[in-house]
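No value in this document is a laboratory result; all are computed from the given coordinates. Keep in mind the model is a prediction, meaning the values are calculated, not measured. Glycine also receives a Cβ, built like all others from the backbone with ideal geometry; neighbour counts cover every protein chain displayed.
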Amino acid sequence: MRLISFEADGREQPGAVVTGPDGTDRVVALGDLSLAQILEHGPRIAAAAGSADITALPTLTEVKLAPPVRPGKILCLGYNYAGHTQEQAPPFPNVFIKTPNTICGPGDAVVMPPSCTDVDYEGEIAVVIGTRASRVPQAGAMAHVAGYTLFNDVSDRGWQHRTDQWALGKSADGFGPLGPWIVTTDEVTGLGGRTVEVERNGVVTVSASTDAMVYDVAFLVHYLSQIITLEPGDIISTGTPGRFPQAQAAHTPLTPGDTVTIRVTGLGELTTPFVSMEENR
């Protein structure tokens, strides 16, 4: 099933997307359920949502989507696709952290601060944790995964490369578009054989198979949980494939008016416009 958050009555509310007999996606509000309940019991909630009078529900296009989760921790992978920058895979996962202030929703504009003059994008699949995971074995790690969503790891390379610590370049306000929904593991059991595609202004700059991922989801949950307790709603962003050589050679920093779209087979697509701070006033 697809889980979302949407804006209603001045606050973000959880919901599920159901498809009516006419093929239209509609939204079932999930009331006062907690995030943990929703993520842990997605299949059961899907059954309840399916019993609703679908034709009376608002369509997906009629609601304003918010980030599907507000993660307490955002753990990201660098160089996790074969051929991305390095000829050989790193001996251990290359993990860095983005801060929660980066999260924004599907369709939200990323506002580029004046001090950020080398803004870049990376299209990724994010793993959403469903149940608390602490020092879990690899064999049981997938039981702690609720599902998957899309993530744009926006960075300012100038800030990122000022030091050997990446946090400031990765963590400007709004530099983490997330969504549009979480596809739960009862619908998507694994990431194998999917195509990750990224467009900038309608031009495809990345197209690669998830089969090129160096470290898979089960290993990442196991590995990270050895020292960090993962909580419901936390995300692990699994890294970006490298750009096409011609796209990388022609790459320039993002500018106001640019749009980036990420799409992954079976997970949907996430489109983000980029604007200047002056345009956002």
Between Q246 and T19, what length in nm is gained on full extension when 0.36 nm per residue of separation is reduced by their alpha carbon distance? 77.8 nm
Burial ordering of K170, K98, fewest other beta-carbon atoms within 10 Å first: K170, K98
Based on the alpha-carbon gyration tensor of region 55-192, what equivalent-ellipsoid semi-axes (square roots of 5 times the eigenvalues) come out, in whole Å, largest first? 26, 23, 13
Around L270, what is the net charge, scoring Lys/Arg as +1 and Asp/Glu as -1 over all other residues with Cβ under 14 Å from its Cβ? -4
State log₁₀ I(q)/I(0) for region 135-201 at q = 0.12, 0.17, 0.24, 0.26 Å⁻¹ as given by the Debye formula over alpha-carbon point scatterers of equal weight, solvent excluded. -0.52, -0.88, -1.03, -1.07
Under 5 Å, built H, 5+ apart or other chain: amide partners of W181: L150
Amide H to amide H, which residues 5 or more places from A66 or on other chains are under 5 Å from it, using H placed in the peptide plane? S5, F6, E7
What are the ³J(HN,Hα) couplings of region 8-23, residue after residue, when phi is run through the Karplus curve with 6.51, -1.76, 1.60 and θ = phi - 60°? Round to Hz, x for glycine and proline. 7, 6, x, 8, 8, 10, x, x, 10, 9, 10, 9, x, x, 8, x
Can you compute 3J(HN,Hα) from phi for each residue in region 107-120, using the Karplus curve 6.51 cos²θ - 1.76 cosθ + 1.60 with θ = phi - 60°, rounded to whole Hz and x for Gly and Pro? x, 5, 7, 8, 8, 8, x, x, 6, 9, 10, 9, 7, 10
When the scattering of the chain is computed by the Debye formula from its Cα atoms alone, each counted once and equally, what is log10 I(q)/I(0) at q = 0.11, 0.12, 0.16 Å⁻¹? -0.61, -0.73, -1.31
³J(HN,Hα) computed for each position of region 235-252 - Karplus, 6.51 cos²θ - 1.76 cosθ + 1.60, integer Hz, glycine/proline x: 10, 10, 8, 8, x, 10, x, x, 6, 4, x, 5, 5, 5, 5, 9, 5, 10
Describe numerically, in nm with one decimal, the distance between label points set 7 Å from Cα along Cα→Cβ at D186 and at D211. 3.0 nm
Round to the nearest 0.05 the FRET efficiency obtained for D118 and D173 when R0 = 22 Å and r is the Cβ-Cβ distance. 0.85
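With +1 on the Cβ of every Lys and Arg and -1 on the Cβ of every Asp and Glu, and nothing else charged, how large is the dipole of the chain about its Cα centre, in debye rounded to the nearest 20?
Rounded to the nearest 20 debye, it is 500 debye.
What is the local net charge at T229, summed over the other residues whose Cβ is closer than 11 Å to its Cβ (Lys, Arg +1; Asp, Glu -1)?
Working: positive: K73, R132, R135; negative: E231, D234.
Neighbourhood net charge equals +1.
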For I54 and M277, compute 0.36 nm times the residue count separating them, minus their Cα-Cα distance, and round to one decimal in nm. 76.2 nm
Sites I228 and T131 - FRET efficiency at Förster radius 22 Å, r taken between beta-carbons, to 0.05: 0.90
